[in-house]
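Bear in mind that the values in this text are calculations on the coordinates, not laboratory data. Because the structure is predicted, anything quoted here is derived from the model rather than measured. Please note: Cβ atoms are built from the backbone with ideal geometry, for glycine as well, and neighbour counts cover all protein chains shown.
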Amino acid sequence: MDLRTDYPYWLLRHGIIRSYPSLDHHVTTDIAIMGGGISGALAAWYLVHAGFSVIVVDRRHIAMGSTAASTSLLQYEIDIPLHDLIKKVGEKKAVRSYILCRDAIRTLRGIADKLEVKDLLTIKPSLQFASYLKHIRPLQKELILRKKAGISIGWLDEKEIQEKYGFSGHGGILSEDGADCDAYQLTHSLLQKCAAWGLKVFDHTEIIKIRHEKKGVELCTGDGKKIKARKLIIACGYESQRYIPKKVQELKSTFVIVSEPHQQNKLWYKNSLIWETKTPYLYLRTTTDNRIIVGGKDISSSDPVLRDRLLPAKSKSLERSFAQLFPVIPFRTDFRWAGSFGHTKDGLPYIGIIRQRPHTHFALGLGGNGIIFSVIAAEIVCDILKGKKNEDAEIFSFDR
Ligand SMILES: Cc1cc2nc3c(=O)[nH]c(=O)nc-3n(C[C@H](O)[C@H](O)[C@H](O)COP(=O)(O)OP(=O)(O)OC[C@H]3O[C@@H](n4cnc5c(N)ncnc54)[C@H](O)[C@@H]3O)c2cc1C
């Protein structure tokens, strides 16, 4: 699959952080993880800590799939608002999903701290503003529901948005819990740390055949090497769909621009994450080198030819939207890219097992909260492999 255009900012900023050998021998392990993006790296982190012998294989270089293209906003707010999610999955599961996402931001911060790499993750608030006056009432309803769920949030009216952010919004929800990160570097840092503890990583190693056996799986690589594992984790991002008989994701394309660095390191209130209520939504974050990232303008097609052709026009359109919002902040685009983006019908990811693939667990980060969902997936899969019941697994199961 052609997951993204060639030059996302993170890749140009860091280059290939570390390259691993490809697999050139047969190997046996407790757990094999297919996919060296953020989902595979987090699963590896949990499983290596739990004492398993683990191998990660990726057919590309590490983190070169969707992870390299991610704008990496970490939000507890799922793409489906809580009041709609309640209608889809019921109050208990909807509220629990929001709480799990909030807690996963804190968990990921704890993990990032342990990696001791500068600028991996920054905690910051998140503002969701009403795109139109008519969105105020539903957003206020959403505020009440989220408050009731125990999430720390408040309302900003038009004047407060103007004072704190310098743009004119009709009103919005300001949440304390949010963060942004550098998912590309985070993935590399996780794997490097785990490699020091015994994890084996092989890049440019494609799994072309999976045999499900009585007591485990046998994976065949494109070079004819075999991996025998007691358990397999499929963390192939949007490319995981090919291993699942039922269609679980819809793919679209999304577009991103990054500004040149600004002189000042405070661009608006606490350099919050900013997004809006309309669909597709525009979203903004800043970087540690004082750039502004603006994303959105999604299209319903994931055709890479169309996506790449539209990139120049979409980046102009993102620039115009930014200028409308912040007429006084100059924005000169330094980098731009586009990527495929998978989402599900209820905004929740799929994590767990399917009948057709014994000894196999899926850790799929789908949707706008893909990174946060990867934390939840790693926790659930690790619990199950340790033989521990995970009360939340059912929320994300394939037969929900
Ligand atoms: C433009 C854009 C913006 C985004 N913004 C955000 C955001 O702000 N916040 C957020 O939380 N999420 C965001 N996302 C989503 C997020 O980036 C993804 O959810 C996340 O990167 C998925 O990580 P992954 O590890 O599951 O998949 P990937 O990073 O794609 O990794 C999967 C890996 O599996 C490997 N693989 C596939 N098949 C095989 C095989 N047969 N054998 C071996 N290896 C294989 C691939 O090479 C790949 O490296 C965004 C995505 C895009 C494209």
message: If the reach is capped at under 30 angstrom between alpha carbons, list the lysines near LYS226, excluding any in the same chain fewer than eight residues apart.
response: LYS193, LYS200, LYS209, LYS214, LYS215, LYS246, LYS247, LYS386, LYS388
field: Inter-site label distance for ASP6 and LYS386 at 7 Å from Cα along Cβ, in nm
entry: 4.5
Phi to ³J(HN,Hα) by Karplus 6.51 cos²θ - 1.76 cosθ + 1.60 over the stretch 101-114, Hz, x for Gly, Pro: 5, 4, 5, 5, 4, 5, 4, 5, 4, x, 5, 4, 4, 5
query: Using only the Cα atoms of the stretch 19-111, what do you get for the radius of gyration and for Dmax, in Å?
result: 17.1, 52
- prompt: If you take the Cα atoms of the stretch 152-218, find Rg, then find the Kirkwood Rh from the mean of 1/r over all pairs, what is Rg/Rh?
  reply: 1.36
- request: Decide, for the stretch 140-181, between rounded, prolate and oblate: order the square roots of the alpha carbon gyration tensor eigenvalues as a ≥ b ≥ c, take rounded if a/c falls under 1.5, and otherwise choose prolate if a/b is larger than b/c, else oblate.
  value: oblate
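Per the Kirkwood definition applied to all pairs of different Cα atoms, how many angstroms is the hydrodynamic radius of the chain? Don't skip to the end; give the middle numbers.
On the way: mean 1/r = 0.0465 Å⁻¹.
About 21.5 Å for the chain.
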message: For the chain, take the longest principal axis of its alpha carbons; what is the angle in degrees between that and the long axis of helix 370-385, to the nearest 10 within 0 to 90?
response: 30
- prompt: Using just the C-alpha positions of the stretch 61-104 as equal point scatterers, what log10 of I(q)/I(0) does the Debye formula give at each q in 0.18 1/Å?
  reply: -0.61
statement: Under 5 Å from the placed amide H of LEU74, counting only residues 5+ away or on other chains, we find ALA179, ASP180, CYS181
message: Run lengths n ≥ 4 of DSSP H only: what is the helix-derived mean residue ellipticity at 222 nm for the chain, with -39500 (n - 2.57) per run over all residues, to the nearest 500?
response: -10000 deg cm²/dmol
statement: Under the Karplus relation with 6.51, -1.76 and 1.60 and θ = phi - 60°, whole-Hz ³J(HN,Hα) for the stretch 37-54, x at Gly and Pro, equal x, 4, 5, x, 5, 5, 4, 4, 4, 5, 6, 5, 4, 7, x, 7, 8, 10
query: Among ALA378, ALA313, ALA183, which one shows the biggest mean-square fluctuation in a GNM of the chain, springs joining Cα atoms closer than 10 Å?
result: ALA313
- prompt: For the chain, what relative contact order do you get, as a whole percent, if you take Cα pairs closer than 8 Å and at least 6 residues apart?
  reply: 25
task: Give the residue from VAL305, CYS382, PHE322 lying farthest towards the positive end of the charge dipole for the stretch 296-400; charges sit on Cβ (+1 for Lys and Arg, -1 for Asp and Glu) and the dipole is referred to the Cα centre.
output: VAL305
task: Name the residue, out of ILE380, ILE55, ILE16, whose mean-square fluctuation peaks in a Gaussian network model built on the chain with Cα pairs under 10 Å.
output: ILE16
task: Quick one: work out Rg over Rh on the C-alpha atoms of the stretch 57-205, Rh as Kirkwood radius.
output: 1.06
message: Helix 304-325 against the longest principal axis of the chain: what's the angle in degrees, Cα atoms only, rounded to the nearest 10?
response: 30
task: Would you please give the residues with an amide H less than 5 Å from that of HIS361, counting only those at least 5 places away or on a separate chain, with H modeled from the backbone geometry?
output: LEU232, ILE233, ILE234
- prompt: Which whole-Hz couplings ³J(HN,Hα) result when phi for each residue of the stretch 12-17 is put into the Karplus expression 6.51 cos²θ - 1.76 cosθ + 1.60, θ = phi - 60°, listed in order with x for Gly and Pro?
  reply: 6, 5, 9, x, 7, 5
query: If one puts a single equal scatterer on every Cα of the stretch 261-400 and applies the Debye formula without solvent, what log₁₀ I(q)/I(0) results at q = 0.15, 0.17, 0.22 Å⁻¹?
result: -0.89, -1.00, -1.30
message: Run the simple label-point estimate for SER19 and LYS87 please: 7 Å along Cα→C-beta, distance reported in nm.
response: 5.2
message: Give me, ordered by chain and number, the residues 5 or more places off ARG4 or on other chains with an amide H under 5 Å from its own placed amide H.
response: SER340
- request: Assuming a ≥ b ≥ c are the square roots of the Cα gyration tensor eigenvalues, decide whether the stretch 128-250 counts as rounded (a/c under 1.5), prolate (otherwise, with a/b larger than b/c) or oblate.
  value: prolate
message: Just to be sure I understand: with springs between alpha-carbon atoms less than 10 Å apart, which residue in ASP119, ASP24, ASP298 has the highest mean-square fluctuation in the Gaussian network model of the chain?
response: ASP24
